[in-house]
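After the structure tokens below, expect a handful of questions from me.
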Amino acid sequence: MSGKNMEEKVEQATDRKNISLPMSRVRLIMKSSPDVSCINQDALFLTTKATELFVQHLALSSYKNGSGKETNTLSYSDLANAAEESETFQFLTDILPKKILAREYLKSLEEMEKVDDNL
Amino acid sequence: MEGDSSTTDTTQLGITGEYMTGGTYVLQTQDDDGDESFNDHEDGNGSKDYFREQDIYLPIANVARIMKNAIPQTGKIAKEAKECVQECVSEFISFITSEASERCHQEKRKTINGEDILFAMSTLGFDMYVEPLKLYLQKFREAMKGEKGITPVAVSEGLGEELTDDSFTGQLPAGLITADGQQQNVMVYTTSYQQIPGVQQIQFS
């Protein structure tokens, strides 16, 4: 009987901790930054929780801003647009390059060549 | 402790995708050879020990779940978008950590603490997270305190110090004689989940 109560207490405590991302993995990512030696428990928790908030924030912002009305789907380009247009997400522009179709790229190449020819 | 289990599933560890920028073709394919590493890139010498910070990701299932819960219920998420957010997340963590680490160094401290993280967020434009995070931290601390009451505490030195010879005298039951005829001191310590100031003795008579 008492064992069961103990299990419930631990479960409740875990729920109250209220995180859905693995802290161990977060720590690994943090430690891969240069010159990071020790990370205390509070810092690890805050980073993990902040990451959750970040995911929610990025997903929702991108979705709202994007073509959701038509497709109802959050796409890569929604994210890339959010990175470019929002100051908060600007640090992501390097890893979220806007994609263009190959044919559009080739077209723009041709146009650039035309400009060069005219010079 | 949050259900994180190691996985060799490529989709959870990394991403596969092709990206093209305006100026260059950026082609990324990442192969996982099935090992436990978080590193999705094969190095020339086959070493899996070297992880670049951008190669370590949080599990895609967890990330996708958070995204799903954030957008309206009718919304869907492209697979590519999930993989992309996975990368963004690692970038975010590194972003915050570098800033916090820098501050730590400036103040000649070695350990990054909660304040450093919160300050970094404020500095980097995530000020809106700070207040909610403080509340979450409070709840987390309370939850951890509760757990401490559940996990067994190691016997403290204080308990040992109280075990002097004097504590035995006068407390032995007179008739405690073992089979081989020798009198023995019998002390039984209860395992308790809280530190007890003194030693509890149970005497068998």
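The values are calculated or read from the model by the stated rules, or taken from the named source; none is laboratory data. In this text the structure is predicted, and so the values were computed from the model without any measurement. Cβ: placed from backbone, ideal geometry, glycine included. Neighbour counts: every protein chain shown.
Take B:F92 and decide whether it is touching a residue at least 12 places away in the same chain (Cβ under 8 Å), under 19 Å from A:D35 (Cβ atoms) and either not in a helix (DSSP H, G or I) or not small (G, A, S) (or both).
Considered against the rule, which asks whether it is touching a residue at least 12 places away in the same chain (Cβ under 8 Å), under 19 Å from A:D35 (Cβ atoms) and either not in a helix (DSSP H, G or I) or not small (G, A, S) (or both), B:F92 comes out as no.
Output yes when any residue across the stretch A:9-18 is assigned to a helix (DSSP H, G or I), modelled with pLDDT under 90, surrounded by fewer than 22 Cβ atoms within 10 Å (Cβ to Cβ) and among the acidic types (D, E), and no when none is.
Scanning the stretch A:9-18 turns up at least one residue that is assigned to a helix (DSSP H, G or I), modelled with pLDDT under 90, surrounded by fewer than 22 Cβ atoms within 10 Å (Cβ to Cβ) and among the acidic types (D, E).
So A:E84 passes all but one of these: (1) in contact with a Lys or Arg (Cβ under 8 Å, 6 or more places away or on another chain); (2) modelled with pLDDT of 95 or more. Which condition number does it fail?
Only one criterion is unmet by A:E84, namely (2).
For the subset of the stretch B:120-163 comprising residues that are of a type in the set (F, W, Y) and more than 20 Å from A:F89 (Cβ to Cβ), which member is modelled with the lowest pLDDT?
B:F140
Still on this structure, I have one more. Would you pick out the residues in the stretch B:114-139 that are more than 18 Å from the chain's Cα centre (by Cα), part of a helix (DSSP H, G or I) and not acidic (D, E)?
Within the stretch B:114-139, B:L118, B:F119, B:A120, B:M121, B:S122, B:T123, B:M128, B:Y129, B:V130, B:P132, B:K134, B:L135 qualify.
Condition first: at the interface with chain A (Cβ under 7 Å from one of its Cβ atoms) and in contact with a strand residue (DSSP E or B) (Cβ under 8 Å, 6 or more places away or on another chain). Now tell me which residues in the stretch B:101-139 satisfy that.
B:S101, B:K110, B:T111, B:I112 - these are the residues of the stretch B:101-139 that are at the interface with chain A (Cβ under 7 Å from one of its Cβ atoms) and in contact with a strand residue (DSSP E or B) (Cβ under 8 Å, 6 or more places away or on another chain).
Here's another thing I want to ask about it. Among the residues of the stretch B:50-86, write down those that are in contact with a Phe, Trp or Tyr (Cβ under 9 Å, 6 or more places away or on another chain), more than 13 Å from A:L74 (Cβ to Cβ), facing chain A (nearest Cβ under 7 Å) and surrounded by 19 or more Cβ atoms within 10 Å (Cβ to Cβ).
Matches in the stretch B:50-86: B:I56 only.
Among the residues of the stretch A:82-92, is there at least one that is within 7 Å of another protein chain (Cβ to nearest Cβ) and either small (G, A, S) or crowded, with 22+ Cβ neighbours inside 10 Å (or both)?
Scanning the stretch A:82-92, I find at least one residue that is within 7 Å of another protein chain (Cβ to nearest Cβ) and either small (G, A, S) or crowded, with 22+ Cβ neighbours inside 10 Å (or both), so the answer is yes.
Of the residues A:M30, A:M23, A:M6, only one is surrounded by fewer than 18 Cβ atoms within 10 Å (Cβ to Cβ) and either modelled with pLDDT of 85 or more or out of contact with any helix residue (DSSP H, G or I) (no Cβ under 6 Å at 6 or more places or on another chain) (or both); which?
A:M6
Any idea which of B:S94, B:S98 is within 7 Å of chain A (Cβ to nearest Cβ), closer than 27 Å to A:T93 by Cβ and surrounded by fewer than 19 Cβ atoms within 10 Å (Cβ to Cβ)?
B:S98
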